[in-house]
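The values are calculated or read from the model by the stated rules, or taken from the named source; none is laboratory data. All values derive from a computational prediction rather than experimental measurement. Glycine gets a Cβ as well: all are built from the backbone with ideal geometry, and neighbour counts include every protein chain shown.
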There are 2 protein chains.
Amino acid sequence: MNTVKTINEVRNQVKVWKKEGYSIALVPTMGSLHAGHASLISRAAKENEKVVVSIFVNPIQFGPSEDLDSYPRDLNKDEIVCEGAGADLIFAPKATEMYYKDIEASVSVKELAAGLCGAKRPNHFAGVCTVVSKLFNIIPADKAYFGQKDAQQLAIIKRMVRDLNFDIEIIGCPIIREKDGLAKSSRNVYLSPEERQAALILNKSLTKCREALSNGERSTNLLKEIIKAQIQTETLARIDYIEIVDALSLDAIDFANKPILVAIAIYIGKTRLIDNFIYEA
Amino acid sequence: MNTVKTINEVRNQVKVWKKEGYSIALVPTMGSLHAGHASLISRAAKENEKVVVSIFVNPIQFGPSEDLDSYPRDLNKDEIVCEGAGADLIFAPKATEMYYKDIEASVSVKELAAGLCGAKRPNHFAGVCTVVSKLFNIIPADKAYFGQKDAQQLAIIKRMVRDLNFDIEIIGCPIIREKDGLAKSSRNVYLSPEERQAALILNKSLTKCREALSNGERSTNLLKEIIKAQIQTETLARIDYIEIVDALSLDAIDFANKPILVAIAIYIGKTRLIDNFIYEA
């Protein structure tokens, strides 16, 4: 496995592979790789002959008051995770390699970016769409792998690929959790031991919601109340949002009578964590 | 030469050609092909082994009060022009093939689309960037050919390709003119005989400006006054804009001391015509 830092290097390697007829996978990441990322890479390696992992903390998807500077970075550790999971090449560019100072072009979506995480992160998903478009153009893979953990991102990328005719298949992969149920996240390292314990409330509250759905509850207002009541039992937790939306359009719905996305964002201390599940009602 | 109407058909043909190692050119057009388009196709055929011409009157680049419905369409005539100029394949999709009703994703540029034609056509260049991105993704050509006649469009496409890392070379081709100097345009068919004569004022006024530049004039205000005075001699002409800008950034400038774009848009009756030249000051 090799690590390259320039667009030319990764492009040339991928061109050689394509000429040789290899199927190619892309796993776009911001590094700080954990078992969730490893599961994407492993699956990509099972389903494709060559796997490229991009590691790039994309500045334009962070808001001015967000954690761009403190976002955890450790390329040496990431290389070990990639190699262990079966990656063939890491593309780890600097920001100056990816963005000109006078960048003009961007890719965005409308309604899909308006709610959920997009409501308080107004330029976040344009930043995601732009960098993912760039990566798709730099690394013309057959398939790209994204985690269901970022459910809104996954829905947006799928729609972007459809709308702009990118010739790539998007594979969504299940959330990977710690043994106690906390969804794996690069931001979990921000948590103190006490906050780490409090963070279990995300999965606990979603579990309550899933139980209510299994028992036949279909009112999304009531389901959201169930989640809210559960979260409020945790004094360290502060709710950002609790949403139940159409799993494809991300439109708010009153009754859960089709595939829905139940998504929550919660602050534990200063750390914002998200979790979700899809329910095929 | 063959004409196909679906994304799958054109994509499959281009994939076969790429596998066989052919170099591929794309000439994106809105049809109603004239000698200007033919010059793009001929050059593409000289420089590449296979030439795809797309013919698509792109609805999302027209404003609500613009000429989408009346825009001239004649596929049979266009096929003759394409074949004569050396095209190998026409991609002529319907609007429903290109756009889902619930389209969410778009591509846009910021400052480059703010002035010139973009000032009064606020969504025009986002429509252009979006459809050209789609065409680049559907037809992964080595080179794409655009006319210098649409100078702002050419500058924007070049920047979009740079910023989003499309793996394609953009070739700008010179304006093709009638014998009397009028720039070839699909919209010239709108002109009555009297208007057709009046339309010569576009090239005439630009020629005056070029003469002044050759004589050493560098004040863009004075140069614009020279164009304006000339246009005002034509009673059927109404000025939309007269601009002199940096040829790359399209920023307004006071002194013509680097490569500049001199661009004008003029109504002759109800028909809006554009013309321009680049001057390497």
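Brief remarks follow.
- Residue in the range B:231-250 that is among the acidic types (Asp, Glu), farther than 16 Å from B:LEU182 by Cβ and either assigned by TED's automatic domain parsing to the domain that holds B:ALA119 or over 21 Å from the mean Cα position of the chain (by Cα) (or both) present: no
- Taken as a whole, the range B:101-120 holds at least one residue that is within 24 Å of A:ALA155 (Cβ to Cβ), within 14 Å of another protein chain (Cβ to nearest Cβ), of a type in the set (Asp, Glu) and surrounded by fewer than 17 Cβ atoms within 10 Å (Cβ to Cβ).
- Test for A:ASP150: is it more than 26 Å from B:ILE60 (Cβ to Cβ) and out of contact with any strand residue (DSSP E or B) (no Cβ under 8 Å at 6 or more places or on another chain): no
- Given (1) crowded, with 22+ Cβ neighbours inside 10 Å; (2) within 30 Å of B:SER108 (Cβ to Cβ); (3) in contact with a helix residue (DSSP H, G or I) (Cβ under 6 Å, 6 or more places away or on another chain), number of the condition B:LEU223 does not satisfy: (2)
- The listed residue being closer than 30 Å to A:ASP102 by Cβ and modelled with pLDDT of 95 or more, out of B:VAL131, B:VAL81: B:VAL131
- Residue check for A:ALA212: in a strand (DSSP E or B) and among the small types (Gly, Ala, Ser): no
- Among the numbered conditions (1) within 12 Å of chain A (Cβ to nearest Cβ); (2) within 20 Å of the chain's Cα centre (by Cα), the only one that B:VAL81 does not meet is (1).
- All positions within the range B:265-281 that are closer than 28 Å to B:ASP163 by Cα and in a loop (DSSP other than H, G, I, E, B): B:ALA281
- Residue satisfying all of: in the range B:223-264; in contact with a Cys (Cβ under 6 Å, 6 or more places away or on another chain) and either assigned to a loop (DSSP other than H, G, I, E, B) or closer than 16 Å to B:ALA281 by Cα (or both); farthest from the other protein chains (Cβ to nearest Cβ) among these: B:LEU223
- One residue from A:ILE175, A:ILE171 being away from chain B (no Cβ under 12 Å), assigned to a loop (DSSP other than H, G, I, E, B), in contact with an Asp or Glu (Cβ under 8 Å, 6 or more places away or on another chain) and farther than 20 Å from A:ILE7 by Cβ: A:ILE175
- Evaluated against (1) more than 7 Å from chain A (Cβ to nearest Cβ); (2) assigned to a helix (DSSP H, G or I); (3) in contact (Cβ under 8 Å) with a residue 24 or more places away in the chain, B:SER133 falls short on exactly one condition, (1).
- Within the option set A:PHE136, A:PHE125, being aromatic (Phe, Trp, Tyr), touching a Ser or Thr at 6+ places or on another chain (Cβ under 9 Å) and either surrounded by 19 or more Cβ atoms within 10 Å (Cβ to Cβ) or under 22 Å from A:PHE277 (Cα atoms) (or both) holds for one residue only, A:PHE125.
- Just one of (1) farther than 30 Å from B:GLY31 by Cβ; (2) within 20 Å of the chain's Cα centre (by Cα); (3) surrounded by 15 or more Cβ atoms within 10 Å (Cβ to Cβ) fails for B:PRO259. It is (3).
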